[in-house]
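Below is one structure; the comments refer to it alone.
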DNA sequence: TTTGGTGT
């Protein structure tokens, strides 16, 4: 190879490298922007890196998913909502498999199990706020978690309705993080699955009014076995409690003082939860 | 039906 040709090739490699660097820089920038739009103060991270807390972030229209390959389920979903004027949404799209999970989780994987395909990012709220494309994405099987019918159709539904009809109108915008809770010892529950999907023992939902100066938050943990007509405020917990049960660290970009103020205790002032705590469900 | 499954 002549010296000139070698130099030309070198330049080509240099240009290609430049493209890769600029391209991946842009991609990372956009990824960062996207995450900021959907996850106030950072996507949930693990408090210590264990096989059960490791997750990959799946991007969808309207919400993000933290997917665990070990659980074959989501550890969290993150999205934002605001009050909407028009309550009507499109009809329910069909459930869809999600090839990104690698696990073969089909739309019929839950049938006959006694568990519902419970939405983590909810159909109604995502559709009403983020549109039809986002609504379709909520029916990905990666957004489903095995949920007992009495929880999914009643207590959990009442909580999701309270988010849109009662909490969202009180503030400009809400950040919601929600997901499953598994037994403390992985081996105790490792084989308790619907198909490949591990069955949680409870679910959490964190609702934040992301005011820069004085953020406010509510957190709930609801177990699988409920009647469905219980008062919502029976299930209030601190965010610290959710972190202890999940091994996740929420809103880690907050300063230490802000984080402990927001997460250390149950603080219901401003939410008027007593007005919705006993509102009946739509599907008795 | 702002949630779903079952059976056709």
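Derivation of every value follows stated rules applied to the coordinates shown; laboratory data play no part. Everything numeric here is computed off the predicted structure, so don't read it as measured data. We place every Cβ from the backbone using ideal geometry, glycine too, and count neighbours over all the protein chains shown.
Counting only the backbone N, which residues of region A:217-246 are under 16 Å from the spot 7 Å out from the Cα of residue A:52 toward its beta-carbon?
From region A:217-246, the list is A:242-246.
Taking 0.36 nm per intervening residue step and subtracting the Cα-Cα distance, what contour gain separates residue A:61 from residue A:265 on full extension?
Contour length minus the Cα-Cα distance gives 70.2 nm.
With springs only between Cα atoms under 10 Å apart, run a GNM on chain A and tell me which of A:164, A:187, A:222 wobbles the most.
Of A:164, A:187, A:222, the most mobile in the Gaussian network model is A:187.
For region A:209-284, report the % of Cα-Cα distances exceeding 22 Å.
Value for region A:209-284: 33 percent of Cα pairs lie more than 22 Å apart.
Relative contact order (percent) for chain A, with alpha-carbon contacts under 8 angstrom and 6 or more residues of separation?
After rounding, I find 19 percent.
Mind jotting down a quarter of the surface of the convex hull over the alpha carbons of region A:138-219, in square nanometres, one decimal?
Taking a quarter of the hull surface, the average projection is 7.0 nm².
Using the number of other C-beta atoms within 10 angstrom as an exposure proxy, rank A:55, A:166 with the fewest first.
A:166, A:55
Please give, to one decimal in nm, the separation of the simple spin-label points placed at residue A:92 and residue A:196, each 7 Å out from Cα toward the Cβ.
2.5
Using only the Cα atoms, what convex hull volume per residue in Å³ does region A:127-284 have?
Enclosed volume per residue, from the Cα hull, is 133 Å³.
Only counting other Cβ atoms within 10 Å, I'd like A:37, A:85 sorted with the fewest neighbours first.
Going from sparsest to densest Cβ surroundings: A:85, A:37.
How much length, in nm to one decimal, is gained on full extension between residue A:170 and residue A:274, taken as 0.36 nm per residue of separation minus their Cα-Cα distance?
Residue separation times 0.36 nm, minus the Cα-Cα distance, leaves 36.0 nm.
Work out, step by step, the length gained on full extension between residue A:82 and residue A:35: first 0.36 nm times the residue separation, then minus their alpha carbon distance; give nm to one decimal.
Using 0.36 nm per residue and subtracting the Cα-Cα distance, I get 15.2 nm.
Bins of 5 Å, beginning at zero and ending with the bin holding the largest distance: percent of Cα pairs per bin for chain A, please.
1, 5, 11, 16, 18, 17, 12, 7, 3, 2, 2, 2, 2, 1, 1, 0, 0
Would you calculate a helix-derived [θ] at 222 nm for chain A, using -39,500 (n - 2.57) for each DSSP H run of n ≥ 4 and dividing by the full residue count, to the nearest 500?
So the calculated ellipticity at 222 nm is -8500 deg cm²/dmol.
Over all Cα pairs of region A:59-191, how is the pair count split among 5 Å bins, expressed in % and running from 0 up to the last occupied bin?
P(r) for region A:59-191, in whole percents per bin: 2, 10, 19, 24, 21, 13, 7, 3, 1, 0.
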